[in-house]
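Visitor: Quick one: this structure, given as structure tokens, is what I'll be asking you about.
The values are calculated or read from the model by the stated rules, or taken from the named source; none is laboratory data. Quick caveat: nothing in here was measured; it's all calculated off a predicted structure. In this analysis, Cβ positions are derived from the backbone assuming ideal geometry, glycine residues included, and neighbour counts consider all displayed protein chains.
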């Protein structure tokens, strides 16, 4: 009996050490991936002095840019600031492999939506009036390596939002852009809360045919067409064909 108890204790400890070792290996892998982004950002022409956090699957890192120095350290930022959340380690690896871009991972139809990535602020952080003018472009440039910054996009790199599948291209105050598609039977902006914007929207049909429902009236919208939707005009898009319909979307103006 004693030998069995001892054997069981030893096996339990071995299992615990294996679990801890596996967790540490995962953290080390995340650390290595994040370091590649920090190293790339160190020479980015858009960089500026800033400190922000990165939370990956509950583990924290801090990035600090000051003058010619850019560093990555373990732990939360020591002062209130903003931070990026990445829900799972695998999501970071998808970003690293070019299978998902950080902006696409943040795409929400509504503020309550849970997304694979996000931009959050620590308690006590008081953003400057121009915070979004710097933080949003900074997100793109930090999470896009290389010069020039080339980002792949395709159907399998998209995520569902507003009833369509979307890849976010680039956001900055007064400008939003994305590429996407409607699969057969899909209905973009079916939710009434999504149908209007306080700023203009430009849609460009790249491939296939959609039904554009503007102020409740249906219009055929197909490859080779574009349309501008004025502010506060209701718009929905439906794919009633048996092929995917691809589009580009640009939103612009005050509030975009």
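Matching residues to (1) at pLDDT 95 or above; (2) over 30 Å from residue 131 (Cβ atoms):
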site	(1), (2)
11	no, yes
15	no, yes
18	no, yes
23	no, yes
41	yes, no
46	no, no
59	yes, no
71	yes, no
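Visitor: Right, here's the next one. Failed condition for residue 77, given (1) more than 19 Å from the chain's Cα centre (by Cα); (2) free of Cβ contacts under 8 Å to residues at least 12 places away in the same chain; (3) in the same structural domain as residue 32 (by TED's automatic domain parsing), with all others met?
Guide: Status for residue 77: all satisfied but (2).
Visitor: Using beta carbons and a limit of 8 Å, which pairs, at least six apart or on different chains, have the first residue in the stretch 37-53 and outside the structural domain of residue 118 (by TED's automatic domain parsing) and the second one modelled with pLDDT under 95?
Guide: Matching pairs, first to second residue: none at all.
Visitor: What single numbered condition from (1) surrounded by fewer than 17 Cβ atoms within 10 Å (Cβ to Cβ); (2) closer than 17 Å to residue 108 by Cβ fails to hold for residue 161?
Guide: Just one mismatch for residue 161, condition (1).
Visitor: Just to be sure I understand, how many residues within the stretch 104-139 are modelled with pLDDT of 95 or more and either assigned to a loop (DSSP other than H, G, I, E, B) or not assigned by TED's automatic domain parsing to the domain that holds residue 80 (or both)?
Guide: Residues in the stretch 104-139 being modelled with pLDDT of 95 or more and either assigned to a loop (DSSP other than H, G, I, E, B) or not assigned by TED's automatic domain parsing to the domain that holds residue 80 (or both): 6 in total.
Visitor: Another question, if that's okay. For the stretch 223-248, which residues satisfy the criterion of being within 14 Å of residue 196 (Cα to Cα) and either assigned by TED's automatic domain parsing to the domain that holds residue 132 or not in a strand (DSSP E or B) (or both)?
Guide: So the first thing to find is which residues in the stretch 223-248 are within 14 Å of residue 196 (Cα to Cα), and the list is 228-237.
Matches in the stretch 223-248: 230, 231, 232, 233, 234.
Visitor: Determine whether residue 220 is assigned by TED's automatic domain parsing to the domain that holds residue 172 and more than 21 Å from residue 107 (Cα to Cα).
Guide: yes
Visitor: Residue 170: under 11 Å from the mean Cα position of the chain (by Cα) and in the same structural domain as residue 242 (by TED's automatic domain parsing), yes or no?
Guide: yes
Visitor: Read through the list (1) touching a helix residue (DSSP H, G or I) at 6+ places or on another chain (Cβ under 8 Å); (2) at negative phi, then give the number of the only condition that residue 31 fails.
Guide: (1)
Visitor: Filter the strands (runs of 3 or more DSSP E) completely within the stretch 140-197 down to those with at least 3 residues that are more than 26 Å from residue 242 (Cβ to Cβ) and touching a residue at least 12 places away in the same chain (Cβ under 8 Å).
Guide: Working: elements: 159-161, 164-172, 175-182.
Answer list for the stretch 140-197: 164-172, 175-182.
Visitor: When the residues of the stretch 112-156 are narrowed to those that are exposed (fewer than 14 other Cβ atoms within 10 Å of the Cβ) and closer than 22 Å to residue 58 by Cβ, which ends up farthest from the chain's Cα centre (by Cα)?
Guide: Checked the stretch 112-156; the qualifying residue farthest from the chain's Cα centre (by Cα) is 124.
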